[in-house]
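**Student:** Take this structure first; my questions come after.
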Amino acid sequence: MKVVIAEKPSVAKELAKVFGATTVKSGYMEGKGYTFTWAFGHLIQLAAPEAYGFKGWKLENLPMLPERFKLAVKQNKVNGVMKDDPGVVKQLNVIRDLFESADEIIVATDAGREGELIFRYIYYHLKCKKPFRRLWISSQTDEAIKNGFRNLKPGSEYDTLFYSAQCRSESDWIVGLNATQALSIAAGNRSVLSMGRVQTPTLAMICARYLENKNFIPQIYYQIAIFLNKDGQVFKAISVKNFDKQEAAQKVFDQVKDVASGFTNGGDILNVEVKPRKEQPPLLHDLSSLQQEANKRKGFTADQTLGLAQTLYESKLITYPRTGSRYIGDDVFAEIPGLVVNQSEHPIFGKQAAFLQTVKLNKRCVNVKKVTDHHALLPTSNKPTYLPADQQVIYDLIAGRMLEAFHQECIKELTKISIESGSAFVANGTVVQSPGWRAVFNQADNEKEDEENPTLPKVVKGEALPVEKKELLEKQTKPKSLYNEASLLKAMETSGKEIEDDELRQAMKDTGLGTPATRASIIETLIKRDYIKREKKNLLPSEKGLAVYDLVKDKQIAQAELTGLWEKRLEEIRTGASVSDFKNEIREYARTITKELLDVGRGLNELFTPELQEGDVLCPLCKKGIVRITDKAAGCSAYASGCKFVIWRTMCEKKLTDEEIMGLIATGKTAVIKGFKSKAGNVFDASLLLSEGKAHFVFEPKGE
DNA sequence: GCAAGGTC
């Protein structure tokens, strides 16, 4: 018997269908001498530090560098305790039994690095020794599946792909877990200060943009606007030059030959330039562009959009959503006319669907070389009947984008009129002559230039027109806007584009920061860690996020380029380069970053220390308010009362043991002060311990 | 209590 294992149930079922294996069993399907089973993504993952004896978060464990990594079943948290995921265990048992009875395994996980890892981790975890061959297809049409099965590859051909995947996985573990624990421990182990190859550069991007925006000093500049009249139609022209100084602008303003200054026709038309501009339709959606569009239009978060798309996918209304490709192959293109027909009744774009049936389809999105693990998002041949409003929005974005992508160019006419009236002016206007793909959603093009005319009258070179009005405009330069989810997702995708090195940039372009499937969860992680928060549509760093950013911004772990560097090496490993060289470098880097973070992380203590104001607490002895003294250089704060007792606490002070506290209490007095709030938002109770002329505040975070 | 990567 041959056992086919897919990455997810939907793919296994598609494959089974093509083979006519229709008997449905628990966790697999069978027929015609084949069984088709599936995983749910990563069932097996690298074991947690505890598996290597690293118990708790302790300085002496760091850096954690397991000699050989162990594999473990994916875990879930149940009532605060990690347990093997029961659904995963059940499916693994199915897979184990099938593998045991198999003559041969056919690996049909997604055609990519992670797909290979998903299978190999299961295979090695089960200690399976059966021979396996690899199915490598990037679409699930019958033709592609049949072809793929006729061309199964020896499993060993993908060994180097597995090594690169394993390196990715282990490196993220080594760097992420060590850096996280190092920073958290250094900052006093009061909360999780997570770090990672993807999340930290993402945080850095948000913080850097926030600071740039906040510290931006707007420059004032001046322009002059004049309004000309052509047979009753008024249009606006702007001075060609911008002026930094008001006086210079005023001088030009005074020279304008307007009607009020006694010039009947003071605007000389020097030139009229008319240029057509063709706008190609946008590419089909991948997950990231869908998330961006849904965020821009409807304010959906990346996470919401992913969830809605997943539901539509499970209802078989759209193709696989976690795709990073915006292209399809010729096999899928053959199905497009039918899919277009399906949209003919659609209330928003049914007419355009009907129109598309009468013209030749634009093949811009058809390029099988640009199809990666999965092709671009499309509606399926199933027609939705009723959908909840939010699902409908996502469905429409996908179906509408399909119509746009195969539609015709939008043709615009750009007109530029050059005018002389004391000095040089220019009037710009754009007229859409043929909307083409823009007719699908019929939405205004929001990328119009500043001060542009909606329509311009027909004027000819050599004419002179009256200048009816003039205005002196005071303007300000604007900072780059804060990140919102749409612009952040885009920046995560293309962070490679700002890299000079060509090869690096190429490696970066295919991957970006994170993957389509994980970007939404990276954003959610940053929010969960209190590093960033949503404010209206924007993503803003918190005080905690900024403090962490400030400590790590110059380190490699905060650079988006790190992913590019890794990708380049991983690709080399895939083509046969040494695995151990890379692994050794990663270990070395983990030692370095651990040391560095342990060192600088102490600076974060400040974040977790309550801010006391004078008068907040009265000294139990002299009844006077306390004052805070901070010595930034030493990284210490002290609190002092007016009486002979000096109340103090240093930031870097060792936490007192229970015995020590009991000893203090035995000799002195205690007072408990409740509910201090630190900058990071943690609430503390403090015990004030008085002893031998000194007193200590002992802060304990609440509810941890 | 940690990463990033999949997917339900």
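The values are calculated or read from the model by the stated rules, or taken from the named source; none is laboratory data. As the structure is a computational prediction, the values presented were derived from the model and not from experiment. A quick note on method: Cβ atoms are made from the backbone with ideal geometry, for glycine too, and the neighbour counts reach across all protein chains shown. Heads up: the accessible areas ignore ligands, DNA and RNA and are worked out on the full protein's heavy atoms, side chains in. Shrake-Rupley method; radii C 1.70, N 1.55, O 1.52, S 1.80 Å.
**Student:** Please pick out the residue among A:20, A:41, A:31, A:56 that is over 24 Å from residue A:127 (Cβ atoms), within 31 Å of the chain's Cα centre (by Cα), open to solvent by less than 60 Å² (accessible area, probe 1.4 Å) and not assigned by TED's automatic domain parsing to the domain that holds residue A:188.
**Tutor:** Working: A:20 fails: within 31 Å of the chain's Cα centre (by Cα); A:41 fails: over 24 Å from residue A:127 (Cβ atoms); A:31 fails: within 31 Å of the chain's Cα centre (by Cα).
On inspection, the qualifying residue turns out to be A:56.
**Student:** Just to be sure, is residue A:258 within 16 Å of DNA strand B (Cβ to nearest atom) and outside the structural domain of residue A:536 (by TED's automatic domain parsing)? Lay out the reasoning, then the answer.
**Tutor:** Values: within 16 Å of DNA strand B (Cβ to nearest atom): no; outside the structural domain of residue A:536 (by TED's automatic domain parsing): yes.
It is false that residue A:258 is within 16 Å of DNA strand B (Cβ to nearest atom) and outside the structural domain of residue A:536 (by TED's automatic domain parsing).
**Student:** Next question. Which residue out of A:229, A:189 is outside any helix (DSSP H, G or I) and outside the structural domain of residue A:527 (by TED's automatic domain parsing)? Break it down stepwise before answering.
**Tutor:** Details: A:189 fails: outside the structural domain of residue A:527 (by TED's automatic domain parsing).
Sole residue among the options that is outside any helix (DSSP H, G or I) and outside the structural domain of residue A:527 (by TED's automatic domain parsing): A:229.
**Student:** Select, from A:184, A:164, the only residue that is within 16 Å of DNA strand B (Cβ to nearest atom), within 26 Å of residue A:322 (Cβ to Cβ), small (Gly, Ala, Ser) and under 29 Å from the mean Cα position of the chain (by Cα). I'd like the intermediate steps shown before the answer.
**Tutor:** Details: A:184 fails: within 26 Å of residue A:322 (Cβ to Cβ).
The unique qualifying residue is A:164.
**Student:** Hand me the list of strands (runs of 3 or more DSSP E) wholly inside the range A:2-120 holding 1 or more residues that are near DNA strand B (Cβ under 9 Å from one of its atoms), in contact with a Leu (Cβ under 9 Å, 6 or more places away or on another chain) and hydroxyl-bearing (Ser, Thr, Tyr).
**Tutor:** In the range A:2-120, no matching strands (runs of 3 or more DSSP E) lie anywhere.
**Student:** In the set A:470, A:448, A:461, which member is basic (Lys, Arg), open to solvent by 60 Å² or more (accessible area, probe 1.4 Å) and modelled with pLDDT of 80 or more? Quick ask: steps written out before the conclusion?
**Tutor:** Numbers: A:470 fails: open to solvent by 60 Å² or more (accessible area, probe 1.4 Å); A:448 fails: modelled with pLDDT of 80 or more.
Just a single option satisfies the conditions, and that option is A:461.
**Student:** Residue A:169 - would you say it is near DNA strand B (Cβ under 8 Å from one of its atoms), among the small types (Gly, Ala, Ser) and in contact with a Lys or Arg (Cβ under 9 Å, 6 or more places away or on another chain)?
**Tutor:** For residue A:169, the condition - near DNA strand B (Cβ under 8 Å from one of its atoms), among the small types (Gly, Ala, Ser) and in contact with a Lys or Arg (Cβ under 9 Å, 6 or more places away or on another chain) - is not met.
**Student:** Next up: Return the residues of the range A:528-569 that are open to solvent by less than 50 Å² (accessible area, probe 1.4 Å), over 22 Å from residue A:486 (Cβ atoms) and in a loop (DSSP other than H, G, I, E, B); say none if nothing qualifies.
**Tutor:** A:555
**Student:** On to the next question. Cβ-Cβ below 7 Å, separation at least six or inter-chain, first residue in the range A:508-521 and on the phi > 0 side of the Ramachandran plot, second within 7 Å of DNA strand B (Cβ to nearest atom) and modelled with pLDDT of 90 or more: which pairs?
**Tutor:** A:514/A:198; A:514/A:522
**Student:** Can you name every residue in the range A:298-326 that is more than 10 Å from DNA strand B (Cβ to nearest atom) and either touching an Asp or Glu at 6+ places or on another chain (Cβ under 8 Å) or open to solvent by 40 Å² or more (accessible area, probe 1.4 Å) (or both)?
**Tutor:** Answer for the range A:298-326, where residues must be more than 10 Å from DNA strand B (Cβ to nearest atom) and either touching an Asp or Glu at 6+ places or on another chain (Cβ under 8 Å) or open to solvent by 40 Å² or more (accessible area, probe 1.4 Å) (or both): A:298, A:300, A:301, A:302, A:303, A:304, A:308, A:315, A:316, A:325, A:326.
**Student:** Let me ask something else about it. Kindly indicate whether residue A:573 is in the same structural domain as residue A:488 (by TED's automatic domain parsing), open to solvent by less than 40 Å² (accessible area, probe 1.4 Å), within 13 Å of DNA strand B (Cβ to nearest atom) and of a type outside the set (Phe, Trp, Tyr).
**Tutor:** Details: in the same structural domain as residue A:488 (by TED's automatic domain parsing): yes; open to solvent by less than 40 Å² (accessible area, probe 1.4 Å): yes; within 13 Å of DNA strand B (Cβ to nearest atom): no; of a type outside the set (Phe, Trp, Tyr): yes.
For residue A:573, the condition - in the same structural domain as residue A:488 (by TED's automatic domain parsing), open to solvent by less than 40 Å² (accessible area, probe 1.4 Å), within 13 Å of DNA strand B (Cβ to nearest atom) and of a type outside the set (Phe, Trp, Tyr) - is not met.
**Student:** Further question: Could you grab me the full set of residues in the range A:1-10 that are buried (at least 23 other Cβ atoms within 10 Å of the Cβ) and not acidic (Asp, Glu)? Break it down stepwise before answering.
**Tutor:** The first filter runs over the range A:1-10 and keeps only residues buried (at least 23 other Cβ atoms within 10 Å of the Cβ), leaving A:3-7.
If the condition is that a residue be buried (at least 23 other Cβ atoms within 10 Å of the Cβ) and not acidic (Asp, Glu), then A:3, A:4, A:5, A:6 are the ones that fit.
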